[in-house]
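K.L.:
One structure, as structure tokens, below. Some questions next.
The values are calculated or read from the model by the stated rules, or taken from the named source; none is laboratory data. The shown structure was predicted, so the numbers you read here are calculated from the model rather than taken from an experiment. Because the Cβ atoms are built from the backbone with ideal geometry, glycine has one as well, and the counts that use them run over all protein chains shown. Side chains included, ligands, DNA and RNA excluded: accessible areas come from the protein's heavy atoms. Shrake-Rupley method; radii C 1.70, N 1.55, O 1.52, S 1.80 Å.
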Amino acid sequence: MVLDKLGSSLREALGKLAKSLLVDEKAIDELVKELQRSLLKADVNVQQVFKLTETIKSRALKEKAPAGMSQKEYIVKIVYDELVNLLGKEGYKIDIKTKPFKIMLVGLFGSGKTTTTGKIAKFFQKRGYKIAVIQTDTWRPAAYTQLKTLGEQLNIPVFGDPKEKNPEKIYKKFEKDLEKFDIVIIDTAGRDALSKELIEEIKKIGKLTKPSEVLLVLSADIGQVAEKQAQAFHEAVGVTGLVITKMDGTAKGGGALAGAGVTKAPVKFVGLGEKIDDLEPFDPTRFVSRILGMGDLETLLEKAREVVTEEKAQEMSEKLIKGDFNLIDLYEQMSSMKKMGPLSKVLELIPGFGKMNIPEGMLETQEGKLEKWKIIMQSMTKKELEDPEKYLDSSRIERIAKGAGTTTAEVRELLKQYKQSKKMMKMFKGDNPEKLMKKFKGKLPGM
Ligand code: GDP
Ligand code: MG
């Protein structure tokens, strides 16, 4: 489906956000631009797009994530909510209250009324209702035969009279027969455009049949025009819901859905192909989940959780500044290295360090060594990690080396590295960072 494209570009935009270290105004601006590009490509109306992205931006900047949720996750949720809003919040809801429950389909020529009559018949048949359909289209010569073929497929009665030219007469002729059914679906004639004549005809059939649901069938390939058409039909005959067909075959599906979404009548079904099963009840929430790929959305949120959060990085940099740094921090630093990027990222958060050019490689550590050190640290007790200088004597070092399956030399190397790092961190304190970096050039240890 063409909307898959919209889905993948929206996912990409959110993916970029998830991967960014900070959710600042710049990251949000970038997200907003990507969203705009994706939605405009899917033919969503420019004004709607800008209104939507403006709301997303101001909410993302103003609102704080609730407890237990990171700001990134929360922004993903805001995007999700606003996309649902764009599509009109409400979706499929048809309560079969009366008997027979009458559903009348209206729309222009070729919008997919007859096909959808068959599809909706099948939809309710599967749900256990006794269904009949009736053809009141006296304009199209083959209208009756077309519906008859569909009815035969479903094994349901098809009422109609290809020789009769007056639609009301057709209905009256079968009115009694129709009473036996739970649901009666009334197919009607269309025109090339919404003409007075068409409105008059629909009004008359409506008055006579008193349907509980009047569903306007719109083809997705009309794109943004869907809004105007839906509005015009609604004013003329009062529609209770919309069906957007041919969502499978057009890049304009986004425009049709979003356009139709702003009308008073909610989109209740979407048509996704020519076959009788290619119909889905429309639910904006589910729809957005699907085009964003709920599974992918989960991974995305997962990713946002994994990447060290802004607060965490801030906390780390504060510790660095205070020189209040122990082996636990070193361990945390190491385990988050890969996820949050090199230490230089953390340094960027320290005022004065952000703009500095840190020589390449200076802050990098060999991966293999890091892994070994991690294992060594895992063999230490909490006390030892918190204050290695105080607790780590030869016998403990030996115990740790054994536990980690390594040599005491290796443990001592880690400790030496730690002491150097700590010394360096302490020197950061209260000094001009620029000058400091010059002092450290070439001397900086592993991390
Ligand atoms: P009507 O004039 O409004 O009754 O429209 P029809 O039901 O006769 O449909 C017109 C054309 O659109 C037919 O060729 C259908 O097969 C096709 N059609 C209807 N719904 C869909 C849909 O959801 N997807 C696709 N690809 N084609 C559809
Ligand atoms: Mg038709």
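K.L.:
Could you name every one of the helices (runs of 4 or more DSSP H) located completely within region 210-300 that has at least 1 residues being of a type in the set (Lys, Arg) and under 22 Å from the mean Cα position of the chain (by Cα)?
P.N.:
On the way: elements: 225-237, 253-261, 284-292.
Result: 284-292.
K.L.:
May I ask you to list the residues in region 87-144 that are aromatic (Phe, Trp, Tyr) and within 16 Å of ligand 2 (Cβ to nearest atom)?
P.N.:
Answer for region 87-144, where residues must be aromatic (Phe, Trp, Tyr) and within 16 Å of ligand 2 (Cβ to nearest atom): 109, 139, 144.
K.L.:
Only residues in region 384-396 that are on the phi > 0 side of the Ramachandran plot and surrounded by 15 or more Cβ atoms within 10 Å (Cβ to Cβ) count as the first member; pair them with residues that are in a helix (DSSP H, G or I) and among the β-branched types (Val, Ile, Thr), Cβ under 6 angstrom, at least 6 apart or cross-chain, and list the lot.
P.N.:
Listed by first residue and then by second, the contacts come to nothing, as the list is empty.
K.L.:
Could you pull out the residue among 44, 76 that is open to solvent by less than 50 Å² (accessible area, probe 1.4 Å), outside the structural domain of residue 261 (by TED's automatic domain parsing), hydrophobic (A, V, I, L, M, F, W, C) and under 26 Å from residue 249 (Cα atoms)? Please lay out each step first, then the result.
P.N.:
Working: 76 fails: under 26 Å from residue 249 (Cα atoms).
Going through 44, 76 in turn, the sole match is 44.
K.L.:
Given 97, 163, 89, which one is more than 27 Å from the chain's Cα centre (by Cα), within 20 Å of residue 269 (Cβ to Cβ) and either open to solvent by 40 Å² or more (accessible area, probe 1.4 Å) or in the same structural domain as residue 29 (by TED's automatic domain parsing) (or both)? So that I can check it myself, show each step before the final result.
P.N.:
Working: 163 fails: within 20 Å of residue 269 (Cβ to Cβ); 89 fails: more than 27 Å from the chain's Cα centre (by Cα).
Only one candidate passes the filter, namely 97.
K.L.:
Which numbered condition in (1) part of a loop (DSSP other than H, G, I, E, B); (2) over 15 Å from residue 212 (Cα atoms); (3) more than 16 Å from ligand 1 (Cβ to nearest atom) is the only one that residue 82 fails?
P.N.:
(1)
K.L.:
Looking at region 1-41, which of the residues that are under 16 Å from the mean Cα position of the chain (by Cα) and among the hydroxyl-bearing types (Ser, Thr, Tyr) is most open to solvent (accessible area, probe 1.4 Å)?
P.N.:
So, considering only residues that are under 16 Å from the mean Cα position of the chain (by Cα) and among the hydroxyl-bearing types (Ser, Thr, Tyr), the one most open to solvent (accessible area, probe 1.4 Å) is 8.
K.L.:
Additional query: I need the full set of residues from region 87-107 which are assigned to a strand (DSSP E or B) and among the aliphatic types (A, V, I, L, M), in order please.
P.N.:
Passing the criteria: 103, 104, 105, 106.
K.L.:
Out of everything in region 62-73 that is closer than 23 Å to residue 19 by Cβ and without any contact (Cβ under 8 Å) to a residue 24 or more places away in the chain, what residue ends up being most open to solvent (accessible area, probe 1.4 Å)?
P.N.:
Taking region 62-73 first, the residues closer than 23 Å to residue 19 by Cβ are 63-66, 68-73.
Among the residues that remain, those that are also without any contact (Cβ under 8 Å) to a residue 24 or more places away in the chain are: 63-66, 68-69.
Numbers: 63: 57, 64: 152, 65: 27, 66: 64, 68: 90, 69: 66 Å².
Within region 62-73, the match that is most open to solvent (accessible area, probe 1.4 Å) is 64.
K.L.:
Being open to solvent by less than 100 Å² (accessible area, probe 1.4 Å), touching a residue at least 24 places away in the same chain (Cβ under 8 Å) and either assigned to a loop (DSSP other than H, G, I, E, B) or outside the structural domain of residue 191 (by TED's automatic domain parsing) (or both) is the filter here; which residues of region 125-143 pass it? Please lay out each step first, then the result.
P.N.:
So in region 125-143, the residues open to solvent by less than 100 Å² (accessible area, probe 1.4 Å) come out as 125, 128-129, 131-138, 142-143.
Then keep just the ones that are touching a residue at least 24 places away in the same chain (Cβ under 8 Å); that gives 125, 129, 131-138, 143.
Listed by number, the residues that qualify are 129, 136, 137, 138.
K.L.:
Quick one: which residue in 182, 177 is touching a strand residue (DSSP E or B) at 6+ places or on another chain (Cβ under 7 Å), open to solvent by 50 Å² or more (accessible area, probe 1.4 Å), more than 16 Å from ligand 1 (Cβ to nearest atom) and closer than 18 Å to residue 211 by Cα?
P.N.:
Numbers: 182 fails: open to solvent by 50 Å² or more (accessible area, probe 1.4 Å).
The match here is 177.
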